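A.B. asks: One structure is given below, represented as structure tokens, and several questions about it will come after.
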Amino acid sequence: MRIAVMGAGSTGGYFGGMLARGGNEVSLIARGPHLEAIRENGLKVVRDDAHFVVECLATDDPTSVGAVDLALICVKTYQSEVALPFMRPLVGDDTTVLCLQNGIDSYLSASEILGHSSVLPGAAFIEASMLGPGVIKQTGSLVRIILGEPDGHESDRCLEIQDTFASAGIPTEVLHDITAGLWGKFLFIATMAGVTSLARATLAELLPQRHWRKVVLDCLTEIDAVGRASGVALPPDMLSNTMSYIDEHLADLQASMHTDLMAGRPMELEALNGAVIRAGLRCGVATPVNNVIYATLHDLQQGTN
């Protein structure tokens, strides 16, 4: 399959590298020192149990790639305004665009620009970071992709993407209710990102403290209530399962929004805790924890560098 990855940083770089290693023709859209390092040395992927280098086409010009079978959107949501129109040369009549951005409705922005029939909502579950230009680090046991058609039908293109990812060693699931799947990840990531950014500390540092553990649980509960009031069919054990996952994987959990904040970079505040507040207003559910997170971080969301 011919695949392009828009945003070949930690998440996009890992999946692009795995897909290339699996025999697909992968083009990574990158820039700056990261782009030059991939061009000169290939893309290095470091995992807990192994590492490998793959040779991929790397470019900052999508027109040099042209239309592909599958385009992955992996840029931060605050980059979408520039990145999505930039992707147009990658999208032909038979291209599927899989949106793997954070948030519950990020794929809608992509649909408006790249075509409603082309774009699929999805989500990536992964702990990954960049060790330096051209080097991606993936940690922990959880690597997973979910995707699905917005109307719930099981399409041939979803199954083909699932097979392609699975053949490359990436566990992938096609969901009949992708909205519930997106909210399941959103509940976790918005809580982790918001609370750790508010506290300027990791979950591993916070959860042993009873007062911070309560803040984490209250944030999860708040988002769960907003989702259910919005008509999302979240599992009844969503909260307990999420807390169990956090407790079991504390050492590996690091929110990119917290990392960006500490580095003075822009943050995905609007797509995460801002989205909770907006959804709460629509369905009539109060969001006091997310209001505090949003108010505290609002003036920092464009970065300080």
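The values are calculated or read from the model by the stated rules, or taken from the named source; none is laboratory data. Computed from a predicted model, the values in this text were never measured in an experiment. Neighbour counts are summed over all protein chains in view; Cβ atoms, including those assigned to glycine, are modelled from backbone coordinates with ideal geometry.
A.B. asks: Residue check, T191 against (1) in the same structural domain as R21 (by TED's automatic domain parsing); (2) farther than 28 Å from R21 by Cα, all met but one. Which one?
C.D. replies: The single condition T191 does not satisfy is (1).
A.B. asks: For segment 272-305, what are the residues that are under 19 Å from the mean Cα position of the chain (by Cα) and at pLDDT 95 or above?
C.D. replies: Hits for segment 272-305 are L272, N273, G274, A275, V276.
A.B. asks: Any idea how many residues of segment 202-245 are over 23 Å from H176 (Cβ atoms) and among the hydrophobic types (A, V, I, L, M, F, W, C)?
C.D. replies: Residues in segment 202-245 being over 23 Å from H176 (Cβ atoms) and among the hydrophobic types (A, V, I, L, M, F, W, C): 12 in total.
A.B. asks: Just a yes or no: is a residue in segment 22-33 free of Cβ contacts under 8 Å to residues at least 24 places away in the same chain, surrounded by fewer than 20 Cβ atoms within 10 Å (Cβ to Cβ) and either within 22 Å of I161 (Cβ to Cβ) or of a type in the set (V, I, T) (or both)?
C.D. replies: No; the residues of segment 22-33 include none that is free of Cβ contacts under 8 Å to residues at least 24 places away in the same chain, surrounded by fewer than 20 Cβ atoms within 10 Å (Cβ to Cβ) and either within 22 Å of I161 (Cβ to Cβ) or of a type in the set (V, I, T) (or both).
A.B. asks: Ok, one more. Does any residue of segment 245-262 turn out to be free of Cβ contacts under 8 Å to residues at least 60 places away in the same chain, among the aliphatic types (A, V, I, L, M) and assigned to a loop (DSSP other than H, G, I, E, B)?
C.D. replies: no
A.B. asks: Could you tell me which of the residues I29, I113, I73 is under 26 Å from M257 (Cα atoms), of a type in the set (V, I, T) and in contact with a Cys (Cβ under 8 Å, 6 or more places away or on another chain)? So that I can check it myself, show each step before the final result.
C.D. replies: Working: I29 fails: in contact with a Cys (Cβ under 8 Å, 6 or more places away or on another chain); I113 fails: in contact with a Cys (Cβ under 8 Å, 6 or more places away or on another chain).
Going through I29, I113, I73 in turn, the sole match is I73.
A.B. asks: Hey, any hits in segment 177-187 for a residue that's within 18 Å of G140 (Cβ to Cβ) and either within 15 Å of the chain's Cα centre (by Cα) or in the same structural domain as V26 (by TED's automatic domain parsing) (or both)?
C.D. replies: Applying the first criterion (within 18 Å of G140 (Cβ to Cβ)) to segment 177-187 yields 184-185.
Pick out the ones that are also either within 15 Å of the chain's Cα centre (by Cα) or in the same structural domain as V26 (by TED's automatic domain parsing) (or both) and you get 184-185.
The answer is yes; a qualifying residue exists.
A.B. asks: Would you pick out the residues in segment 57-89 that are modelled with pLDDT of 95 or more, assigned to a helix (DSSP H, G or I) and among the small types (G, A, S)?
C.D. replies: S64, A83, listed by residue number.
A.B. asks: Another question about this same structure. Could you say whether any residue in segment 72-79 is in contact with a strand residue (DSSP E or B) (Cβ under 9 Å, 6 or more places away or on another chain) and of a type in the set (S, T, Y)? Step through it out loud before you land on a result.
C.D. replies: Narrowing segment 72-79 to residues in contact with a strand residue (DSSP E or B) (Cβ under 9 Å, 6 or more places away or on another chain): 72-75.
Cutting the leftovers down to of a type in the set (S, T, Y) gives us none.
No, that holds for no residue.
A.B. asks: A further question follows. So, in segment 100-116, of the ones that are without any contact (Cβ under 8 Å) to a residue 12 or more places away in the chain and more than 18 Å from A4 (Cβ to Cβ), which residue ends up nearest to the chain's Cα centre (by Cα)? Give the steps one after another, and end with the answer.
C.D. replies: The first filter runs over segment 100-116 and keeps only residues without any contact (Cβ under 8 Å) to a residue 12 or more places away in the chain, leaving 108, 111-112, 116.
Checking which are more than 18 Å from A4 (Cβ to Cβ) leaves us with 108, 112, 116.
Details: L108: 15, E112: 19, H116: 20 Å.
Among those that are without any contact (Cβ under 8 Å) to a residue 12 or more places away in the chain and more than 18 Å from A4 (Cβ to Cβ), it is L108.
A.B. asks: If you check every pair at least six apart or on different chains, which have Cβ atoms under 6 Å apart with a residue in segment 277-305 that is under 17 Å from T196 (Cβ atoms) first and a residue that is among the hydroxyl-bearing types (S, T, Y) second?
C.D. replies: Listed pairs, sorted by first residue: L297/S197.
A.B. asks: Is there a residue being at pLDDT 95 or above, touching a His at 6+ places or on another chain (Cβ under 6 Å) and outside the structural domain of V143 (by TED's automatic domain parsing) anywhere in segment 202-225?
C.D. replies: Scanning segment 202-225, I find no residue that is at pLDDT 95 or above, touching a His at 6+ places or on another chain (Cβ under 6 Å) and outside the structural domain of V143 (by TED's automatic domain parsing), so the answer is no.
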